[in-house]
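Chemist: Right, I'll just put the structure down here and ask away after.
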Amino acid sequence: MRTIDWVDGAVELVDQTLLPGECVTLRVHTVGELVAAIRRLAVRGAPALGVAGALGVVLADGDLAQIAALRAARPTAVNLAWGVDQAAAHLAGGRAAVLAAALRIRDDDIAACLAMGERGADLIEGDRLRIMTVCNTGGLAAVERGTALGVVQTLHERGRLAEVLVLETRPLLQGARLTTWELARMGAPHRLIADSAGPYLLAQGEVDAVLIGADRIAANGDTANKIGSYALALGAERAGVPFVVVAPESTIDPGTPSGEHIEIEDRGADEIVTIRGVRVAPEGTPALNPAFDVTPHDLISAIVTEQRVIRP
Ligand code: MRU
């Protein structure tokens, strides 16, 4: 299954807000619809956003204001702007050239995820591996297979996976809703945990490696990823457990020198004071909702891309 693709002159994507209850595919024909889909996280995850950005430039048909709006739809994952820029570089060649560039980005993403899976599985030592992960970094976050969860899939295919501990990933539950769905489909053993249980279970010796994805990797290796990643990195360091980032080269942003320069998306109070539409805090409760955090590079054991393994 492809999470995002170009079908009959439109962007086709799996609406991730409806999973795991329903697996519904949307056809998006305009940049406005695509921006709305990105903002409400119908399509999400850095590599998928890169492909969405590139395909969206085809929908924009040369309209620079629409291209700018698409590029700014979400700020933290550099892949969105990267995908838009890659496709927009072909505007002078007309729609066919832009489409060809966007389809190359789609195909490159599929190949990159396969390569990251192999390289990551080669890197992690051990035979009955217990992996901890946060958010969703699987096929749903890319076109196919994904990044950190792609490594998990390769480990599982090689018979080296004992279990995945999946952080639920408040507030939008990408771990509880999406990662568990993907692991069940691949037949991989897993258990869901509350986000706050992560560092404790690391300290208890329940985990052999933490594998996460990335939304933006600064030039010095500082890495923005889903909120909760930094707590896992601290817990992993204290427990002596490898903390490995898996991301394509397109997530590395040489224009951002270090983590403090990364813009962190705040998604507003509603997602915190409610859970799936049910209010959990008193009416009017103020809230803070950073969607990502930054793990400093010295807490990262390795960054695995489709081309290389980067060490601190
Ligand atoms: O807010 P989201 O769901 O788009 O956040 C996604 C993540 O933080 C992922 O870990 C990251 O994009 C890498 S996906 C392979």
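The values are calculated or read from the model by the stated rules, or taken from the named source; none is laboratory data. Bear in mind the structure is a predicted one, so any value in this text is a computation, not a measurement. Here the Cβ is made from the backbone with ideal geometry for all residues, glycine too, and neighbour counts use every protein chain on show. Surface areas here come from the heavy atoms of the whole protein model, side chains and all, with no ligands, DNA or RNA. Shrake-Rupley method; radii C 1.70, N 1.55, O 1.52, S 1.80 Å.
Chemist: With a cap of 11 neighbouring Cβ atoms within 10 Å, and only residues DSSP puts in a loop, list the trypsin sites (Lys or Arg not before Pro) found in the stretch 224-291. List each step's numbers first, then the result.
Modeler: Working: sites: K226, R238, R267, R276, R279; in loops: R267, R276.
Those satisfying the criteria are R276.
Chemist: With an 8 Å cut-off on Cα pairs and a minimum separation of 6 or more residues, tell me the relative contact order of the chain in percent.
Modeler: With pairs under 8 Å counted, the relative contact order is 16 percent.
Chemist: Among P189, P242, P47, whose mean-square fluctuation peaks in a Gaussian network model of the chain (Cα, cutoff 10 Å)?
Modeler: Largest GNM mean-square fluctuation: P189.
Chemist: With a point put 7 Å past each Cα toward its Cβ, work out how far L114 is from A97 in nm, to one decimal.
Modeler: 2.9 nm
Chemist: Please identify which residues in the stretch 280-312 have an amide N closer than 15 Å to a label point set 7 Å out from the Cα of E125, following the Cα→Cβ vector.
Modeler: Only 301-302 pass the distance filter.
Chemist: Just to check, using Stokes-Einstein with a Kirkwood Rh over alpha carbon pairs, what's the diffusion coefficient of the stretch 76-209 at 4 °C and 1.567 mPa s in µm²/s?
Modeler: 80 µm²/s
Chemist: Per residue, how large is the accessible surface of the stretch 120-310? Use a 1.4 angstrom probe and give square angstrom. Spell out each step's value before the answer.
Modeler: Working: 7620 Å² over 191 residues.
About 40 Å² of surface per residue is accessible.
Chemist: Calculate the translational D of the chain in whole µm² s⁻¹ from Stokes-Einstein, where the hydrodynamic radius comes from the Kirkwood formula applied to all Cα pairs, the temperature is 20 °C and the viscosity 1.002 mPa s.
Modeler: D, rounded to a whole number, is 111 µm²/s.
Chemist: Using a Gaussian network for the chain with springs between C-alpha atoms less than 10 Å apart, which of these wobbles most: I193, I262, I212?
Modeler: I193
Chemist: Amide H of I252: which non-local residues (sequence gap of 5 or more, or other chain) have their own amide H closer than 5 Å, using H built in the peptide plane?
Modeler: Amide H neighbours of I252, under 5 Å, 5+ apart: I217.
Chemist: Can you give the Rg/Rh ratio of the stretch 4-111, where Rg is from the C-alpha atoms and Rh is the Kirkwood radius?
Modeler: 0.94
Chemist: At a 1.4 Å probe radius, carbon and sulfur cover how many percent of the accessible area of the chain?
Modeler: Answer for the chain: carbon and sulfur cover 52 percent of the accessible area.
Chemist: Now, a different point. How large is ³J(HN,Hα) for each residue in the stretch 138-155, as worked out from phi by the Karplus curve 6.51 cos²θ - 1.76 cosθ + 1.60 (θ = phi - 60°), to whole Hz, x for Gly and Pro?
Modeler: Working through the residues one at a time gives x, x, 5, 8, 9, 8, 8, 6, x, 9, 4, 6, x, 5, 4, 4, 5, 4 Hz.
Chemist: Can you give me the C-alpha center-to-center distance between the stretch 74-89 and the stretch 164-185, rounded to a whole angstrom?
Modeler: So the separation of the two Cα centres works out to 26 Å.
Chemist: Let me ask something else about it. Multiply the residue separation of I264 and V24 by 0.36 nm, subtract the distance between their alpha-carbon atoms, and state the gained length in nm to one decimal.
Modeler: Extra length from I264 to V24 when fully extended: 83.5 nm.
Chemist: May I pose another question? So what are the ³J(HN,Hα) numbers for the stretch 193-207, from phi and the Karplus equation (6.51, -1.76, 1.60; θ = phi - 60°), rounded to whole Hz, Gly and Pro as x?
Modeler: So the J values, rounded to whole Hz, are 10, 5, 3, 6, 7, x, x, 4, 5, 4, 5, 7, x, 8, 9.
Chemist: With everything on Cα atoms, drop me the angle between helix 229-239 and the longest principal axis of the chain, reported from 0 to 90° to the nearest 10.
Modeler: Tilt of helix 229-239: around 30 degrees.
Chemist: Need the full-extension length gain, A184 to A65, defined as separation in residues times 0.36 nm minus the C-alpha distance. One decimal, nm.
Modeler: Numbers: separation 119, 0.36 × 119 = 42.84 nm, distance 4.18 nm.
So the extension gain works out to 38.7 nm.
Chemist: Let me ask something additional. What are the residues whose amide H is under 5 Å from the amide H of I275, where those residues sit 5 or more places off or on another chain and H is modelled from the backbone?
Modeler: V280
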